[in-house]
Amino acid sequence: MNVTKDAILVAVIDAWAKVLQSQKALADGAIVQLSDSELQRTIAPGTNSVAVVMNHVAGNMVSRWTDWLTSDGEKPGRDRESEFRRANEPRATVLGRWDSGWSLVLGAVEALRGEDLGRLITIRGEPHSVPDAVNRQISHYGYHVGQIMLIARVIKGNDSWRWLTVAPGGSRAFDASMKQRHGDWDSGVDGKKT
């Protein structure tokens, strides 16, 4: 197999974009299940609502991804603490901020070129390679997407929750559907059962 360096770089950038799109889709699938009041609800004292987590993620995205290749990822105008104090904002305001943040991230990642992967950027003055910075943010967003999904599921309860991943007890049916789409993975490369 003759794979060029450029093809590998394009594949890496494409993979980052796909992971980010998947994370947004999971969070959006949870958010849409919540009413306006549920979006603002906390599940225990001292915890954040889905709306607050969304505000924090959006604030992080604007700071990290605005002019991210040429300026520090912690912008002087960011007030991180205020991201956790916003409460009872209209749903449209929270969703607008959330969607703008994701658009900024996806646009920045999709605009990357292979040569950008060798650059250094800074976050709070700390140098990061572009791959390290992207992976750092993917990890951060994945953590918060998991929070959003858990908070929403607890609020909705199992009976009202629409599963966004394989539902409990659904593994066999899911595996069967995947085998129908992609073939039997129980066969090794040589076609013998493993």
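The values are calculated or read from the model by the stated rules, or taken from the named source; none is laboratory data. Note that the coordinates shown come from a computational prediction; the quantities given were computed from them, not determined experimentally. Methodologically, a virtual Cβ is constructed for each residue, glycine included, from the backbone with ideal geometry; neighbour enumeration extends over all protein chains shown. Keep in mind that these areas ignore ligands, DNA and RNA; they rest on the heavy atoms of the full protein, side chains included. Shrake-Rupley method; radii C 1.70, N 1.55, O 1.52, S 1.80 Å.
Tabulated values for the structure
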| read-out | value |
| --- | --- |
| Those residues of the stretch 85-108 which are at pLDDT 95 or above and of a type in the set (A, V, I, L, M), in sequence order | ALA92, VAL94, LEU95, LEU104, VAL105, LEU106, ALA108 |
| Selection from the stretch 50-68 of residues that are of a type in the set (D, E, K, R) and open to solvent by 20 Å² or more (accessible area, probe 1.4 Å) | ASP67 |
| Total residues in the stretch 19-37, condition under 14 Å from LYS156 (Cα atoms) and among the aliphatic types (A, V, I, L, M) | 4 |
| Which listed residue is open to solvent by less than 70 Å² (accessible area, probe 1.4 Å) and in a helix (DSSP H, G or I), from ASP99, ASP132 | ASP99 |
| Those residues of the stretch 21-41 which are touching a residue at least 40 places away in the same chain (Cβ under 8 Å) and either in contact with a Leu (Cβ under 6 Å, 6 or more places away or on another chain) or of a type in the set (Val, Ile, Thr) (or both), in sequence order | LEU26, GLY29, ILE31 |
| Hits in the stretch 42-74 (condition: of a type outside the set (Val, Ile, Thr), assigned to a loop (DSSP other than H, G, I, E, B) and without any contact (Cβ under 8 Å) to a residue 40 or more places away in the chain) | ALA44, PRO45, GLY46, ASP67, SER71 |
| Criterion (at pLDDT below 95, open to solvent by 20 Å² or more (accessible area, probe 1.4 Å) and either in contact with a Leu (Cβ under 7 Å, 6 or more places away or on another chain) or over 18 Å from ILE155 (Cα atoms) (or both)) met by exactly one of SER71, SER82 | SER82 |
| Candidate set from the stretch 114-127 (those that are in contact (Cβ under 8 Å) with a residue 40 or more places away in the chain and out of contact with any Gly (no Cβ under 9 Å at 6 or more places or on another chain)); member that is surrounded by the fewest Cβ atoms within 10 Å (Cβ to Cβ) | GLY125 |
| Unique residue being out of contact with any helix residue (DSSP H, G or I) (no Cβ under 8 Å at 6 or more places or on another chain), open to solvent by less than 80 Å² (accessible area, probe 1.4 Å) and at pLDDT 95 or above when the list is ALA167, ALA111, ALA152 | ALA111 |
| Residue list for the stretch 90-112, filter: farther than 20 Å from ASN55 by Cα and either without any contact (Cβ under 8 Å) to a residue 24 or more places away in the chain or in contact with a strand residue (DSSP E or B) (Cβ under 6 Å, 6 or more places away or on another chain) (or both) | ALA111 |
